[in-house]
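K.L.:
One structure, as structure tokens, below. Some questions next.
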Amino acid sequence: MGQKINPTGFRTGVMTGWKSRWYASKKDFSDLLVEDHKLRKFIKTKYRYAGIPKVEIERTRDEVKVVLHTARPGIIIGRKGQEVERLQAELQDLIGRRINIKIEEISRPELQAQLVAEDIAEQLQKRASFRRTMKRAMEQTMEAGADGIKIQLAGRLGGAEMARREKQISGSIPLSTLRAKIDYGFTEAKTAQGHIGIQVWVNQGMYAVEDETDGADAEAGQAPKMPKKAYKR
């Protein structure tokens, strides 16, 4: 059939949480949604090379908490935290609300699908061979400890006249298994011949399910059997 669901949306609310966590009335919802989009777009544009795959936003009555997951926290923090303060002021001017920024470092960027896709896009824009770039990205991700990776490129690959798709898979990618921790990333490489779409799926293993030990716990917690009656002769 060929219909595919976004792995992030498929697992949101079941195995993973939302990237925006707040509640609003019907009349305010659309305005706050646009604010979230502005914040994410501004951060991704300003810190294009900071390796930010995910921006989480939490809202309270008083402030907006922005959590930046980044592979290069030094670029955002700056010397003595000056860059953070500048970013905070810029975001406050952008949406007119008080902003609280929190930075979380990503220990293994090779396992983040969005960062892998952005790295491939950067290489393609430098006129690197797309097959060599795909192979190198897959090797780095598998060496970092991933269970599987799939990369798909679409567009005028290698400057060809006709647009086409190229796909490479390594390891296992169980897209329909909800327990599988599949990370998904998409970006576009702006080449001289046109845009090339880059999709990356990374299998980071399985989500830890707490219910696995229920059987053993239930068995251990059973009431002891009644002792057999001793009949006197």
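K.L.:
Run through the DSSP bridge list for the range 24-121 and note the antiparallel percent, rounded to the nearest 5.
P.N.:
On the way: 6 of 13 bridges.
Percentage antiparallel, nearest 5: 45.
K.L.:
Compute the longest continuous run of the chain that contains no exposed GluC sites (Glu not before Pro); treat a site as exposed when its DSSP state is not H, G, I, E or B and it has at most 14 other Cβ atoms within 10 Å.
P.N.:
64-160
K.L.:
While we're here: How many Lys pairs in the range 7-105 lie less than 19 angstrom apart by Cα atoms, where the lysines are 8 or more positions apart or on different chains?
P.N.:
24
K.L.:
Taking the alpha-carbon distance from residue 126 and a cut-off under 20 Å, which lysines remain once sequence neighbours fewer than 8 residues away in the same chain are dropped?
P.N.:
Cross-link targets: 135, 190.
K.L.:
Looking at 186, 155, 171, which one has the Cα that reaches farthest to the positive end of the dipole of the range 109-211 (charges on Cβ: Lys, Arg +1; Asp, Glu -1)?
P.N.:
Positive-end residue among those listed: 155.
K.L.:
Can you tell me the 0 to 90 degree angle between the C-alpha axis of helix 130-143 and the longest principal axis of the chain, rounded to 10?
P.N.:
With both axes taken from Cα atoms, the answer is about 30 degrees.
K.L.:
Given the chain, what percent of its DSSP beta bridges are antiparallel, to the nearest 5?
P.N.:
Details: 32 of 42 bridges.
If I count the DSSP bridges inside the chain, around 75 percent turn out antiparallel.
K.L.:
Additional query: Run the simple label-point estimate for residue 45 and residue 28 please: 7 Å along Cα→C-beta, distance reported in nm.
P.N.:
Placing both labels 7 Å along Cα→Cβ, they lie 2.6 nm apart.
K.L.:
From the P(r) of the range 23-80, could you give the percentage of C-alpha pairs in the tail past 12 Å?
P.N.:
The proportion of pairs with Cα distances above 12 Å equals 71 percent.
K.L.:
Report the convex hull volume per residue for the chain, counting only C-alpha atoms, in Å³. Present the calculation step by step, with values, prior to reporting the outcome.
P.N.:
Numbers: hull volume 61.4 nm³, N = 233.
With only Cα atoms used, the chain gives 263 Å³ per residue.
K.L.:
Can you tell me the Rg and Dmax of the range 13-136, counting just the alpha carbons, in angstroms?
P.N.:
16.5, 51
K.L.:
Hey, got the dipole for the range 109-211? About the Cα centre, +1 on K and R Cβ, -1 on D and E Cβ, debye to the nearest 20?
P.N.:
Dipole of the range 109-211, to the nearest 20 debye: 620 debye.
K.L.:
Any chance you could run the full-extension gain for residue 162 through residue 93? It's 0.36 nm times the residue separation minus the Cα-Cα distance, nm to one decimal.
P.N.:
Extra length available between residue 162 and residue 93 comes to 20.3 nm.
K.L.:
Any idea which of 49, 20, 30 is furthest toward the positive side of the dipole for the range 18-143, if Lys and Arg beta-carbons carry +1 and Asp and Glu beta-carbons -1?
P.N.:
49
K.L.:
Could you give the spread of the C-alpha atoms of the range 109-211 along their three principal axes, from largest to smallest, in whole angstroms?
P.N.:
53, 23, 18
K.L.:
Rounding to the nearest 20 debye, state how big the charge dipole of the chain is about its Cα centre with +1 on each Lys and Arg Cβ and -1 on each Asp and Glu Cβ.
P.N.:
With only Lys, Arg, Asp and Glu charged at Cβ, the dipole is about 380 debye.
None of the figures in this text is laboratory data; all of them are computed from the coordinates on show. Predicted model, so just to flag it, every value in this text is computed and none were measured. Here the Cβ is made from the backbone with ideal geometry for all residues, glycine too, and neighbour counts use every protein chain on show.
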